[in-house]
Each structure stands twice: as C-alpha cells, then as structure tokens.
Amino acid sequence: GAGVSQSPRYKVAKRGQDVALRCDPISGHVSLFWYQQALGQGPEFLTYFQNEAQLDKSGLPSDRFFAERPEGSVSTLKIQRTQQEDSAVYLCASSLNRQGVGEQYFGPGTRLTVT
Amino acid sequence: AQSVTQLDSHVSVSEGTPVLLRCNYSSSYSPSLFWYVQHPNKGLQLLLKYTSAATLVKGINGFEAEFKKSETSFHLTKPSAHMSDAAEYFCVVSGRAAGNKLTFGGGTRVLVKP
C-alpha cells in the first residue's frame, strides 16, 4: 500500500512569503506528527494530531507556524512570513496507534529554502 | 523529560568489518527505543525497536541493538558492514508520558570504505 506522501518535495520561498506544506498519511492512521530537521541535525518534534484534534503543539517554534488536520486525514503545516531560520526539511509521520507507542512511518519530507 | 546522546557524529569502517554506533538515553519512565536510518534524499526508515520485551533486538539488514538499563545505553551493531550501509543513523527515544513524540539524537554519519 501507499506510504506517507508529502508535497511539494522542494519549496523555495522569499523571506516574508507564506508557505503551505501538505502531508498525506497512511490511510486509517490515527496519529500524525510533524518534525523539523535542520541541516546536519536530527529531526525535532513540532506538533501532534490524534484524528482531527491537535493534542500537542509544544514544538512549534513561533506563532508563525500553524498546523491543521480538519478531517482527520490530510494535514497542512503553514508557515507565515517565512524567515531564513525556517529553512529545513519538514517531515511528516503517521502511526496507526491511538495510544501507546507504535511505529511512526515517515514521509520523504519537504525541503524548504528561504532566500 | 527524555533525551538521547549519540556519542559519535561520524564513524568510518571498512567493508566487511563490524559497525558499532553508540547511543545513551535519558528518560524518566520506561522508554521505547528505536534506531532509524536515513539515506541521502530518502525518508527515515525504521531499523529496529525496543519496547520492553527482549533486551537484544534484531532488525533489518543484519543490524541489532542491545538495551542495557543499568548503562542507559542502546548501542547499534552489525557484524559486517556493506557499502549500502553508508547513511545517517538516528537513535530515538519515545514513551507514553511524552505523548509518543519521538526525540532524536543528533545522528551518526557512517562512511564505509571499500
């Protein structure tokens, strides 16, 4: 079956522009996570959804970052007024489990470059 | 709180020799531990996971890891490196008390020499 997909794969934005990054999780997966991976570093948690509910957004770096999952499947991460420090790979992961620890399946990521 | 320290940022091995990637974790509860691999321009792939069953965990591609609670370690090994093992490896900790979010180490880049 299809894995987690993300689009676009690459995005170049001028400083100050708004961007929207899309994640299509594996069908039926309840949990969805967003991570940010800066160059040369490990991914860092941004936010977590259980179905359509955003249960944890403690990792969002500023109020310019906003995520939604209105119907409990596709999710969008939006960054307003992009800054150069937002340049990173944004990873989406989904998991079947509602509670407990289960395997998270990762998408290929969206590489955002802010110029 | 949970955290992970990967003790080596780079490891270089010759093809056919053993690989050892070191990882120490910190967690205030019983953790789940993972190793992920990331090949260039590809997504993260799960190598293996520990979730409080057997302390010696076998994964894909000949990798295995041993959970040592007394040492708070979860080192990854492979008896014989292959050229295709060249990649970035991440040790990861998670747990229910942390909302199942994954906390990644800084990564270890593995270079395999012919």
Of all residues in region A:62-115, which are among the charged types (D, E, K, R), open to solvent by 10 Å² or more (accessible area, probe 1.4 Å) and more than 14 Å from every other protein chain (Cβ to nearest Cβ)?
-> A:63, A:64, A:68, A:71, A:78, A:81, A:85
If you go through region A:8-27, how many residues are open to solvent by less than 60 Å² (accessible area, probe 1.4 Å) and in a loop (DSSP other than H, G, I, E, B)?
-> 4
Any strands (runs of 3 or more DSSP E) falling wholly within region B:43-114 and containing at least 2 residues that are touching a His at 6+ places or on another chain (Cβ under 9 Å) = B:64-68, B:87-94, B:108-113
Enumeration of residues in region B:4-17 that are open to solvent by 50 Å² or more (accessible area, probe 1.4 Å), within 30 Å of residue B:29 (Cα to Cα) and assigned to a strand (DSSP E or B) = B:5, B:10
Output for region A:45-56, where each listed residue is open to solvent by 10 Å² or more (accessible area, probe 1.4 Å), more than 11 Å from chain B (Cβ to nearest Cβ) and part of a strand (DSSP E or B) | A:53, A:54
Residues of region B:26-46 classified as farther than 19 Å from residue B:61 by Cα, open to solvent by 20 Å² or more (accessible area, probe 1.4 Å) and not small (Gly, Ala, Ser), total = 2
Working carefully through the options A:42, A:3, A:59, find the one that is within 10 Å of another protein chain (Cβ to nearest Cβ), assigned to a loop (DSSP other than H, G, I, E, B) and surrounded by 20 or more Cβ atoms within 10 Å (Cβ to Cβ).
-> A:42
When residue A:73 is run through (1) farther than 26 Å from residue A:28 by Cβ; (2) touching a His at 6+ places or on another chain (Cβ under 9 Å), the failure sits at (1)
Region B:54-106 - residue that is away from every other protein chain (no Cβ under 14 Å) and of a type in the set (Asp, Glu) and, of those, surrounded by the most Cβ atoms within 10 Å (Cβ to Cβ) | B:85
Do we find that residue B:49 is within 12 Å of chain A (Cβ to nearest Cβ), loosely packed, with under 13 Cβ neighbours inside 10 Å and among the charged types (D, E, K, R) in this structure?
-> no
So is residue A:76 touching a Lys or Arg at 6+ places or on another chain (Cβ under 7 Å), at pLDDT 95 or above and outside any loop (DSSP other than H, G, I, E, B) or not?
-> yes
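The values are calculated or read from the model by the stated rules, or taken from the named source; none is laboratory data. Here the structure is a predicted model, which means the values were calculated and not measured. Heads up, the Cβs are rebuilt from the backbone with ideal geometry, glycines too, and the neighbour counts pull from every protein chain shown. Please note that ligands, DNA and RNA were not included when accessible areas were found on the heavy atoms of the full protein model with its side chains. Shrake-Rupley method; radii C 1.70, N 1.55, O 1.52, S 1.80 Å.
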